[in-house]
Amino acid sequence: MAEITNDKKEIMNRFIMVADGDTNDLVYTSILLQRFEYHVCTAKTAAEALAMTAIAPPVLVVTAQFLPDMSGYDLFLRLKLDPRTSEVPVIAITHAGDLLTAQRFREAGVASCLDKPVQVEALYTAVQAAIESKPRKNLRITTVLPVTVNGVLLSRDAGECATVLSEHGIYIRTLKPALVNTRLQLTILVKNKLVSVEAVVLNTYGQGQGLFKEPGMGLKFVHIDPEDREFIRQYIREEITRGVAPSASDRQVLPDSK
Amino acid sequence: MDETTRSTASVGYDRNSRFMLVVESDANNLFYTSMLLQRFDFRICMAATAEEALAMVPVAVPSLVITALDLKGMNGLELMQKLAGNPATASVPVIILIKQGDLVGDKRCRDAGAAECLDKPVQAEQIFRAVEAAVETTPRSSIRIRTRLPVTVTNMPFIDAEGASVSVLSEHGMFLRTQRPAPPDTRLSLQIGLNDRIISIEAVVRSSYRIGEGPYSEPGMGLQFVRTSPQDQELIRQFIRNEVTRGITPM
């Protein structure tokens, strides 16, 4: 019996450190990251963040500029000076309009600098770029959506449906994937709306191929109405942000920029 | 549906819209408990003090609060009473972690209505069971991990002809991924490779899935262990504990 390696193990053992002095935004950002399927550790102060990173180094730090005990920039410098965390990439979140702080962060070498309130897509892209060897550009969600292929409704009784959706593509779970490069006409039922797209098969998986990979095919949309693309983008954003929202007020911008 | 085969798809969706609030002033314990819960597939928020926790509640109401009794500032018991006094959080269950031997604290928390009181350092199995009991309608009693272990079915060798493996493991059962699942009630003799050991188990098929039917979007069968030696049982328990606590330790 050969030992089979487990690629999910590594994912389980890594986590992202989130620091934000604004409680609402701390909750918002850390819930989003968990819905992107990352594990997180959160801190409301720089002191908590440093205590936590001393226990185990995170794969990434996402810090707001506003923290009650020191600035996010100072936290960033502290992390860079500590040999245990000097290699850990940092994403900074600054208030929109605080260009000076954003510039300081960029010059000091942050992985990226995002505006508050953080946009879901921007956060996803920045995190992927900072820590993934094959970063994805587009947010994807796991889902269960009915789909027709060339006019034929796939059998949900046999478990056939769209299981992953992004604004640029889809994964369809099926035992009978089409050949790679086949062009297919799809109709997907997204939130009571039928979205029709033309898509091309990029890859296929049979039973038992690939760890944790379900049989089916990955498709890229090659023709989609811009309105439908926007509709899918909205749907994904709603799913990811369900029940959470960033801080409405920008109240920290004044004390911060002094 | 039995414990080993409850749908992960629906649980995943449900879990995505809920989260638990972990409150602990000791950074190491806060880290430990929070990482454990995430490895159990729960979403979390963390707070170092009761005051921070109370500031989080208006943002989003947690489905459960897990707090240490001893905190900097307001203690865990007072936090629970504050939550109970707020209509928005009055029904949120609270689990309190108490220094071992603090029997007075334990009794006071129980009398005040804690869902559960656990001794620190808290064991992975205990916290799993307490959390499941507090928030799930059909709570599981043992931790399950996603894994990939080699397996041989000695009395039905054809089953592992095409790369069968153990994809979910708990102390009491497992999901065996195979394209040729045996029907329910079949008794199987298994050999599982666990680290560098091979353990032998007698199991009975509880549920059998063709492709697309099952809870794990993979074909196979849910098995309940009916006979293992105490040594092998302990090896499995230890293996699961090591997997969920890898790289993290309580104080």
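Would you give the gap between the C-alpha center of segment A:173-188 and the C-alpha center of segment A:15-84, rounded to a whole Å?
Here the answer is 42 Å between Cα centres.
Would you grab the residues whose amide H sits under 5 Å from the one on A:Ile93? Only those 5+ places off in sequence or on another chain, please, with H modelled 1.01 Å from N.
Residues meeting the criterion, in which the H sits 1.01 Å from N, are A:Thr63, A:Ala64, A:Gln65, A:Leu114.
Under 14 Å from the Cβ of B:Val23, count the other residues' Cβ atoms, weight Lys and Arg +1, Asp and Glu -1, and hand me the total.
-3
Farthest toward the dipole's positive end in chain B, which of B:Gly173, B:Ser91, B:Pro219, given Cβ charges of +1 (Lys, Arg) and -1 (Asp, Glu) about the Cα centre?
Projecting each Cα onto the dipole axis, the largest value belongs to B:Pro219.
Just need the relative contact order of chain B here, percent rounded to a whole number, with Cα pairs under 8 Å and 6+ apart.
Numbers: 496 pairs, mean separation 40.9, N = 251.
Once divided by the residue count of chain B, the mean separation gives 16 percent.
Which whole-Hz ³J(HN,Hα) couplings does segment A:161-168 yield from phi under the Karplus relation 6.51 cos²θ - 1.76 cosθ + 1.60, θ = phi - 60°, glycine and proline marked x?
5, 7, 10, 9, 9, 10, 6, 10
In debye to the nearest 20, how big a dipole does the protein assembly as shown give about its Cα centre with +1 on each Lys and Arg Cβ and -1 on each Asp and Glu Cβ? All intermediate terms of the calculation are to be shown ahead of the outcome.
Numbers: 56 positive and 59 negative charges, 150 e Å.
Dipole size: approximately 720 debye.
How many angstrom lie between the C-alpha centres of segment B:25-95 and segment B:99-127?
First find each Cα centre; the distance between them is then 15 Å.
What is the set of long-range amide H partners of B:Gly173 at a cut-off below 5 Å, with H atoms built 1.01 Å from backbone N?
B:Phe225
Would you work out which of B:Gln231, B:Ile201, B:Cys109 lies farthest towards the positive end of the dipole of segment B:101-242, given +1 charges on the beta-carbon of Lys and Arg and -1 on that of Asp and Glu, about the Cα centre?
It is B:Ile201.
Which entries in the list A:Lys193/A:Lys220; A:Lys80/B:Lys120; A:Lys44/A:Lys80; A:Lys80/A:Lys134; A:Lys116/B:Lys120; A:Lys134/A:Lys193 go over 30 Å, if you measure between the two C-alpha atoms of each?
From the list (A:Lys193/A:Lys220; A:Lys80/B:Lys120; A:Lys44/A:Lys80; A:Lys80/A:Lys134; A:Lys116/B:Lys120; A:Lys134/A:Lys193), the Cα-Cα distance tops 30 Å for A:Lys80/B:Lys120; A:Lys116/B:Lys120; A:Lys134/A:Lys193.
With a/c under 1.5 counting as rounded, go ahead and sort the protein assembly as shown into rounded, prolate or oblate using the C-alpha gyration tensor (a ≥ b ≥ c being the square roots of the eigenvalues; past the cut-off, prolate if a/b is larger than b/c, else oblate).
Taking the square roots of the gyration eigenvalues as a ≥ b ≥ c, the protein assembly as shown is oblate.
Please state the equivalent ellipsoid semi-axes for chain B: what are the square roots of 5 times the Cα gyration tensor eigenvalues, largest first, in whole Å?
After diagonalising the Cα gyration tensor, the semi-axes are 39, 19, 14 Å.
Tell me the angle of helix A:72-81 to the major Cα principal axis of chain A, expressed in degrees between 0 and 90 and rounded to the nearest ten.
90
How high is the relative contact order of segment A:13-137? Use alpha-carbon pairs under 8 Å, at least six apart in sequence, and give a whole percent.
In percent, rounded to a whole number, it is 21.
So who's got an amide H within less than 5 Å of the one on A:Val40, skipping anything under 5 residues away but keeping other chains? H placed 1.01 Å off N, in plane.
Here the answer is A:Ile16, since their amide H atoms fall under 5 Å of that of A:Val40.
Would you mind classifying segment A:43-184 by shape? Square roots of the alpha carbon gyration tensor eigenvalues, ordered a ≥ b ≥ c; an a/c under 1.5 is rounded, otherwise it is prolate if a/b is larger than b/c and oblate if not.
Here segment A:43-184 falls in the prolate category.
Angle between the Cα long axis of helix A:226-241 and the longest principal axis of chain A, 0 to 90 degrees, nearest 10?
60
With +1 assigned to the C-beta of every Lys and Arg and -1 to the C-beta of every Asp and Glu, and no other charges, what is the dipole magnitude of chain B about the Cα centre in debye, to the nearest 20?
That gives a dipole near 280 debye.
Average the reciprocal distances over every distinct pair of alpha-carbons in chain A, invert the result, and give the Kirkwood radius in Å.
20.3
Beyond 17 Å, what percent of the Cα pairs of segment B:101-166 remain? Before the final figure, lay out the partial values.
Working: 1355 of 2145 pairs.
Pairs farther apart than 17 Å: 63 percent.
Indicate, rounded to the nearest 5 percent, the antiparallel portion of the DSSP beta bridges found entirely in the protein assembly as shown.
Roughly 65 percent of the beta bridges in the protein assembly as shown run antiparallel, per DSSP.
Using a simple charge model, +1 on the beta-carbon of Lys and Arg, -1 on the beta-carbon of Asp and Glu, nothing else, what dipole does segment A:6-79 show about its Cα centre, in debye to the nearest 20?
240
Exposed loop sites here are GluC sites (Glu not before Pro) in DSSP loop states with at most 13 other C-beta atoms within 10 Å. What is the longest stretch of chain A lacking them?
A:133-258
For segment B:3-135, take N as its residue count and report Rg(C-alpha) divided by 2.2 N^0.38 Å.
Dividing the Cα Rg of segment B:3-135 by 2.2 N^0.38 Å gives 1.00.
Among DSSP bridges having both ends in chain A, what percentage is antiparallel? Round to the nearest 5. If you can, show how the numbers build up before the last one.
Values: 33 of 51 bridges.
Given both bridge residues lie in chain A, the antiparallel proportion sits at roughly 65 percent.
Could you derive backbone 3J(HN,Hα) for segment B:44-56 from the dihedral phi with the Karplus parameters 6.51, -1.76 and 1.60 (θ = phi - 60°), listing whole Hz in sequence and x where the residue is Gly or Pro?
3J(HN,Hα) across segment B:44-56, in whole Hz: 9, 10, 10, 9, 8, 9, 5, 4, 4, 4, 5, 6, 7.
Relative to the longest principal axis of the C-alpha atoms of chain B, give the angle of the C-alpha long axis of helix B:76-85, reported between 0 and 90° and rounded to the nearest 10°.
Roughly 80 degrees between the two axes.
From largest to smallest, what semi-axes in whole angstrom does segment B:145-245 give when each is the square root of 5 times an eigenvalue of its alpha carbon gyration tensor?
Value: 20, 15, 12 Å, ordered largest first.
Report ³J(HN,Hα) in whole Hz for each residue of segment A:215-220, in order, from the Karplus equation J = 6.51 cos²θ - 1.76 cosθ + 1.60 where θ = phi - 60°; Gly and Pro get x.
Computed from phi, the couplings for segment A:215-220 are x, x, 9, x, 10, 10 Hz.
Which one of A:Ile141, A:Pro83, A:Pro68 is farthest out on the positive end of the charge dipole of the protein assembly as shown, using unit charges on Cβ (Lys, Arg +1; Asp, Glu -1) and the Cα centre as origin?
Looking along the dipole axis, the top candidate is A:Ile141.
Taking neighbour counts of Cβ atoms within 10 Å as a proxy for exposure, in what order, fewest first, do B:Asp111, B:Asp232, B:Asp119 appear?
B:Asp111, B:Asp119, B:Asp232
We did not get these values from a lab; they are worked out from the coordinates using the rules stated. A quick note: this is a predicted structure, and the numbers were derived from the prediction, not measured. Glycine also receives a Cβ, built like all others from the backbone with ideal geometry; neighbour counts cover every protein chain displayed.
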